[in-house]
Amino acid sequence: IQGPQKVKYGNDSIVTAKNIIIATGSVPFVPKGIEVDGKTVITSDHALKLETVPDWIAIVGSGYIGLEFSDVYTALGSEVTFIEALDQLMPGFDPEIGKLAQRVLINPRNIDYYTGVFATKITPAKDGKPVTIELTDAKTKEVKDILEVDAALIATGRAPFTNGLGLENVNVVTQRGFVPVDERMRVIDADGKLVPNLYCIGDANGKMMLAHAASAQGISVVEQVTGRDHVLNHLSIPAACFTHPEISMVGLTEPQAREKAEKEGFEISVAKTSFKANTKALAENEGDGLAKLIYRPDNGEILGVHIFGLHAADLIHEASNAIALETRIQDIKFAVHAHPTLSEVLDELFKSAKVSF
């Protein structure tokens with residue numbers, strides 16, 4: 001970026017445009033002390049291109065990426081060890097869903113785990129020696145153990161790919177690498193002012209690091225530059241984890257909703273339904289699963305929905321659309337669902353909620 005409405009590319013080619021959208025995305029984040037060789041110490045970029053299946057693989061981080069790859073590697077016959085810096089596995093999920101997912105996705109499989117530890121040093125396998133991982137206690141900072149494994153997957157999230165964009169030419173300072181934007185994805189400069197005609201979407205702005213969130217932000221920007229205002233409600237964007245069975249969510253987790261309720265002075269309620277009561281899930285021999293609704297009983301506002309079970313990633317959209325359209329529980333509970341289908345899990349969920357009027 002050379003200046004307002006001006007971009008340089010290649011050696012010295014310059015193009016001007018009425019509007020500019022930054023959409024440079026992200027790269028896998030690798031913490032200090034970890035040496036990646038792309039073969040025995042890998043990121044998610046390398047993980048699908050391995051030529052052999054490792055007998056024993058350590059996965060650093062138990063978020064979406066780590067969990068999905070643990071599902072893949074155990075299915076292929078690997079033994080998996082999770083290394084998680086926080087005190088519990090799957091820290092990004094609603095705690096109740098995380099607990100059930102651990103019981104189904106981790107405990108019965110060939111997976112063990114360390115929590116509350118950092119992988120402070122990882123050295124790739126070389127000259128017949130295995131991958132070595134130094135584990136440090138997250139609280140005491142003392143070395144706790146040295147692991148020797150066949151491979152290590154670094155699944156510690158992603159970092160914005162924004163270096164070298166020339167943002168200093170328009171007085172923009174990134175925050176931990178992310179480009180600051182307002183609710184309309186307009187770029188904000190170091191003085192808190194909007195940079196005219198400059199937008200940033202997707203992982204580079206860090207609002208919600210999901211591919212479909214980036215697409216939705218892009219659509220929002222195009223609406224604006226063509227004269228129609230559009231503000232995206234990020235709380236209505238669903239997320240999914242493609243394990244067997246799947247995990248999906250939209251809106252707030254229960255702890256987040258309780259925090260918001262306390263701050264703003266309202267009550268919240270929780271409703272739950274089990275996949276064990278769903279005829280289609282039982283016919284598929286997939287009765288493990290739970291759907292959870294977090295809502296306001298005073299006005300029927302949906303604050304969050306979390307699903308763990310067969311086709312959870314497909315089922316979540318009814319809830320995300322309801323949040324986007326500000327549909328209240330008292331209206332959606334009268335919607336009709338085909339029987340026998342998995343969608344009845346959500347039908348039962350909305351019907352079981354108790355709203356004041």
20 Å Cα-Cα reach of Lys129 towards aspartates and glutamates, excluding residues that sit fewer than 8 places from it in its own chain: Glu35, Asp37, Glu51, Asp55, Glu79, Asp145, Glu148, Asp150
Range in the chain, longest, excluding exposed trypsin sites (Lys or Arg not before Pro) [loop by DSSP; at most 13 other beta-carbon atoms within 10 Å]: 229-353
3J(HN,Hα) from dihedral phi, segment 289-295, Karplus parametrisation 6.51/-1.76/1.60, rounded to Hz, x for glycine, proline: x, 8, 10, 9, 10, 10, 8
Extension gain, Val231 back to Asn321 (0.36 nm per residue minus Cα-Cα distance, nm): 30.9 nm
Percent RCO, i.e. relative contact order, over segment 280-357, from Cα pairs under 8 Å lying at least 6 residues apart: 34 percent
Segment 209-352: relative contact order as a whole-number percent, Cα under 8 Å and 6+ apart: 24 percent
Simple label model, 7 Å out from Cα along Cβ direction - Glu262 to Gln175, nm: 2.3 nm
Lysines whose Cα lies under 24 Å from that of Lys193, excluding same-chain neighbours fewer than 8 positions away: Lys6, Lys8, Lys18, Lys207
Approximate spin-label separation Lys144-Asp45, in nm, with each point projected 7 Å along Cα-to-Cβ: 3.0 nm
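When the dipole is taken about the Cα centre of segment 132-203, and only Lys, Arg (+1) and Asp, Glu (-1) are charged at their Cβ, what size is it in debye, to the nearest 20?
Values: 8 positive and 12 negative charges, 68 e Å.
Computed about the Cα centre, the dipole is about 320 debye.
Just the projected area, averaged over all directions, of the convex hull on the alpha carbon atoms of segment 71-156: how many nm²? Write out the running numbers ahead of the final one.
Numbers: hull surface 24.9 nm².
Quarter of the Cα hull surface area: 6.2 nm².
For segment 159-294, what number results from the quotient of the Cα radius of gyration and 2.2 N^0.38 Å?
On the way: Rg = 19.8 Å, N = 136, 2.2 N^0.38 = 14.2 Å.
Output field value: 1.39.
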With at most 14 neighbouring Cβ atoms within 10 Å, loop GluC sites (Glu not before Pro) (DSSP) excluded, longest segment of the chain: 52-141
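Based on the Kirkwood radius over alpha-carbon pairs, what is the Stokes-Einstein translational diffusion coefficient of segment 1-46 at 20 °C with 1.002 mPa s viscosity, in µm²/s? Each step should come with its number before you reach the end.
Working: Rh = 14.0 Å.
The estimated diffusion coefficient comes to 153 µm²/s.
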Intensity falloff of segment 20-100 expressed as log10 I(q)/I(0), Debye formula with alpha-carbon point scatterers, at q = 0.12, 0.16, 0.20, 0.25 Å⁻¹: -0.42, -0.71, -1.00, -1.33
Rounded percent of accessible protein surface that carbon and sulfur make up, the chain, 1.4 Å probe: 52 percent
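Just list whichever of Lys292/Lys333; Lys32/Lys141; Lys49/Lys144; Lys99/Lys354 have alpha carbons separated by over 23 Å in the model shown.
Numbers: Lys292/Lys333 15 Å; Lys32/Lys141 15 Å; Lys49/Lys144 32 Å; Lys99/Lys354 25 Å.
Beyond 23 Å: Lys49/Lys144; Lys99/Lys354.
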Relative contact order (percent, whole number), the chain, Cα cutoff 8 Å, 6+ residue spacing: 15 percent
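Calculate the FRET efficiency for Val30 and Glu183 from the Cβ-Cβ distance with a Förster distance of 25 Å, rounded to the nearest 0.05.
On the way: r = 32 Å, r/R0 = 1.26.
That gives a FRET efficiency of 0.20.
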Under Karplus coefficients 6.51, -1.76 and 1.60, residue-wise ³J(HN,Hα) of segment 12-27 in Hz, glycine/proline x: 8, 7, 10, 10, 10, 8, 5, 10, 10, 10, 8, 9, 8, x, 9, 10
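For Val149, what is the net charge nearby, where nearby means another residue's Cβ is under 10 Å from its Cβ and Lys, Arg count +1, Asp, Glu -1? Display every interim value, and only then the final one.
Numbers: positive: none; negative: Asp55, Glu79, Glu148, Asp150.
Summing Lys and Arg as +1 and Asp and Glu as -1 gives -4.
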Per residue accessible area in Å² of segment 1-103, where ligands, DNA and RNA are left out and the probe is 1.4 Å: 53 Å²
Table column - 3J(HN,Hα) (Hz), segment 234-249, Karplus curve with 6.51, -1.76, 1.60, x for Gly and Pro: 5, 6, 9, 8, x, 10, 9, 10, 8, 9, 10, x, 7, 10, 9, 7
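The values are calculated or read from the model by the stated rules, or taken from the named source; none is laboratory data. All values reported here derive from a predicted model rather than from experimental measurement. Every residue, glycine as well, gets a Cβ built from its backbone with ideal geometry; the counts of neighbours run over all protein chains shown. The protein model used for the area step is the full one, side chains on, heavy atoms only, and it has no ligands, DNA or RNA in it. Shrake-Rupley method; radii C 1.70, N 1.55, O 1.52, S 1.80 Å.
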